[in-house]
Structure formats: structure tokens, C-alpha cells
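Working notes for the structure below.
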Amino acid sequence: MNTALKQWKEASTLILTAGRRLGADSLSPRTPLDGNGAATRLPHSSEFDYDVLLLKRSAKSTFMPNAYVFPGGMVDSSDFSSDWLDVFKSFLNSPGFGLRSVKQPVENRPPIFATNRLKLGSPIPGEVALRICAVRETFEESGVLLVVPKKEEKRILKSFQDTRFSQHHTEHKLGCDELSKWRALVNKNPSNFMRMCQELEVLPNIWALHEWANWLTPTAKYGRTRFDTAFFMCCLQEMPSTLQDEKEIERFQWSTPSEILQSYQARRLWIAPPQFYELSRMCRFPLLDNLHSFAHQRATEGCDQWMPVIVLQDQQHISLLPGADYQPCLF
């Protein structure tokens, strides 16, 4: 953990997508309107062959109450624990534990990725620990467990030889009782996530998570807590079993990116600026295989650090987002 940060706390978020299941519940589609009353051009829901997971935060949450968010949360010191070296011992001779190297020069990398964690006392690279955090938080909040059996280590190591292709994550099935037991333990203490991986002989599937974005929480609008958040993308071929937690999350929702944006424009739900921006980007990829291929390829290019600029105009908060082609968001 970067204890030198004064304004932000480090966090990880996972944009989790899955192939659509016929008959799955979804938000009702509706043609959205922009600020001028003109129809906003979005792909129709039927054009998508995948859904994205959103979780509704509790009304009692101190950060963004009632907001629909991607699963994720604050980095814990256990995510950087040296004990992970034993879990990943077969990968210690592979740079970055087998994660692909990023072409972006270190001086241009966002600090959350560029920070030398060894100088902060952890032998776990930031790219690894941040992915561990995203996998752990996704498990805590949604019950989706992105792990692979240790017996598949050789297959994973062999797959590193082909840098052009990335396989979809295949869900590792655990018994419902066992899953519930470990989820309760991890929610109680994040360090139990490593203990779970050791006892069940599984590995957090850090290789299925592709670097996607880095967002900073702006000041004033969302409370005192501000986050420096790494966003990752993970594509599943099939929709996994999902269970909401009983503390921070009130409900979960699988819907297409366009359905979510339409519901937001119709004010049936609220999403924060980063969710609006990233879902808008995803609308360029209605097909899961295309999104997966793009996420896999662009991950090695690195990313920029972004922060919404919020201004007050006519008693409305307007969030200005990166890119001249994007409309401002009204909040």
C-alpha cells in the first residue's frame, strides 16, 4: 500500500462482463435523451451478446450511497503481503508473475501503477496486488470467485508463450456451502482471501484481468474519502452465479451497457462519471469477443490518469469528462 498518499486511498475496480443468458433479468431499455432533448445514439440492447455487472450500493454507504457501481474496493495491506510469494511460487521466475509487460514509459504511467512497491516494503508488484484486490473485492461483494486451480499452473505458464491470444476465464466451481463459508471469512478479514487460496489450492486469476483505466475521485462532491482507482476488464463466456453481500450492496444487476446508460438518462438509476464514461466506451463493442480482444490488446499500451471536473451551473452539477467527443454528464 502506498501510505505516502495524502488525498487519495488506493482501490481496484473490475468491469466484469459475461455472455448473455436468455431470459436473464435486465433493466428495461429506453431511448435516452441528451441535455437538448435529442435522442442519444446508442446501440440497441439486442445488438449486445453480453451483460456487465453493476452493484447498487446501500443507502447507508458513506461513499456514493445508492449508486450503481462496478465491483471493487479499497486496497488492503494483505494484498501486498509477501506471503503471496508462496501462492505464486511457480511464477516468480516470470516477470510480473506472468503478466504481460506494458509499453508505456514508466514516467508516463499513472502513479498507482508506476510506484515502486519494493521501496515501500512489499515484494509484490503493484500490477499483481491491485489485481488481487479486484478479485478479492469482487468475491466479497458479488460472490463471483475468479480463481484457477493450482494444478493448471503448467497450462498457464505455457500460455505465456503466446502473447497474441488471451483465453476467457473459465469459472472454477466450488460447493455453495464452501463458497459461503469462505466469503464470510473474507468479508470479516481480507487476509483470509490468501488463506482461502492456500487451503483450496487455487490462484487468483490475475491473468484474466486486463488493465483498462485509472480514475481519481474529485473533491467535494462525493464526501471526504477520495480514491485513486485502477480499473480492470474481465470477460467471461458465461454468466457466473452471483450473490450480493449483506452490508454494502443492496442488489446486483446484469445488463447491457446501452441498457444501463438508457436507464441512467431516464433517471431510473444513478451511476458515477467513471461508470458513465467506461460504459460509453464499451458501446463501441457490442460483441463480447471483440471487447475481449480489444481489452487484451490495448492493456499493454498502459493508460492515463483521469479525474472528472465538476462545475456547478444553474444549480446543477456538470461533470466534464475526458475527450471532446463526449457530452458532459449532469448530476
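The values are calculated or read from the model by the stated rules, or taken from the named source; none is laboratory data. Predicted model, so just to flag it, every value in this text is computed and none were measured. Every residue, glycine among them, receives a Cβ derived from its backbone with ideal geometry; neighbour counts consider all protein chains shown. Quick note on the areas: whole protein, heavy atoms, side chains included, nothing else; ligands and nucleic acids left out. Shrake-Rupley method; radii C 1.70, N 1.55, O 1.52, S 1.80 Å.
Roughly how many Å² is the accessible area per residue of the range 94-141, as a whole number, for a 1.4 Å probe?
Accessible area per residue: 41 Å².
For V144, list long-range residues whose amide hydrogen, built 1.01 Å from N in the peptide plane, is under 5 Å from its own amide hydrogen.
Under 5 Å from the amide H of V144 lie the amide H atoms of L243, each far enough along the sequence or on another chain.
With r as the distance between the Cβ atoms of Q237 and H44 and R0 = 25 Å, compute the FRET efficiency 1/(1 + (r/R0)^6) and round to 0.05.
Numbers: r = 22 Å, r/R0 = 0.90.
Between H44 and Q237 the formula returns 0.65.
Using the beta-carbon distance between V309 and K181 and R0 = 45 Å, what value does 1/(1 + (r/R0)^6) give for FRET efficiency, to the nearest 0.05? Before the final figure, lay out each step's value.
Working: r = 45 Å, r/R0 = 1.00.
In this case the efficiency is close to 0.50.
Find out how many positive minus negative residues lie around N214, taking Lys and Arg as positive, Asp and Glu as negative, among other residues whose Cβ is under 10 Å from that of N214.
-2
So what does T225 come to for accessible area, using a 1.4 Å probe and Å² rounded to 10?
Here the residue's solvent-accessible area equals roughly 50 Å².
With each label point set 7 Å from Cα along the Cα-Cβ vector, what nm distance links S90 and E152?
1.1 nm
So, in Å, what gap is there between the alpha-carbon centers of the range 102-121 and the range 225-288?
A separation of 27 Å, based on Cα centres.
Just in the range 224-298: which GluC sites (Glu not before Pro) are loop by DSSP and have at most 14 other Cβ atoms within 10 Å?
Answer by residue number: E238, E246.
List the residues, sorted by chain then number, that are 5 or more residues from L236 or on another chain and whose placed amide H is less than 5 Å from its amide H.
T17, A18, G19
For a 21 Å ceiling on Cα separation, which of these pairs sit above it: K60/K188; K89/K188; K89/K150; K119/K188? Walk me through the intermediate numbers first.
Working: K60/K188 19 Å; K89/K188 27 Å; K89/K150 11 Å; K119/K188 29 Å.
Correct reply: K89/K188; K119/K188.
Using θ = phi - 60° and the Karplus relation 6.51 cos²θ - 1.76 cosθ + 1.60, list the HN-Hα couplings for the range 121-132 in order, rounded to whole Hz, with x at every Gly or Pro.
Per residue, the Karplus-derived 3J(HN,Hα) values read x, 10, x, 8, x, x, 4, 7, 4, 5, 6, 4 Hz.
Quick one: what are the phi-derived ³J(HN,Hα) couplings along the range 297-308, Karplus 6.51/-1.76/1.60 with θ = phi - 60°, whole Hz, x for glycine and proline?
6, 6, 4, 7, 7, x, 7, 9, 9, 10, 9, x
As an exercise, use a Förster radius of 35 Å and the Cβ-Cβ distance of N116 and R284 to find the FRET efficiency, rounded to the nearest 0.05.
Result of the calculation: an efficiency of 0.50.
Whose amide H sits under 5 Å from the amide H of R226, counting only residues 5 or more places off or on another chain, with H placed in the peptide plane?
Close amide H contacts, sequence-distant or interchain: K9.
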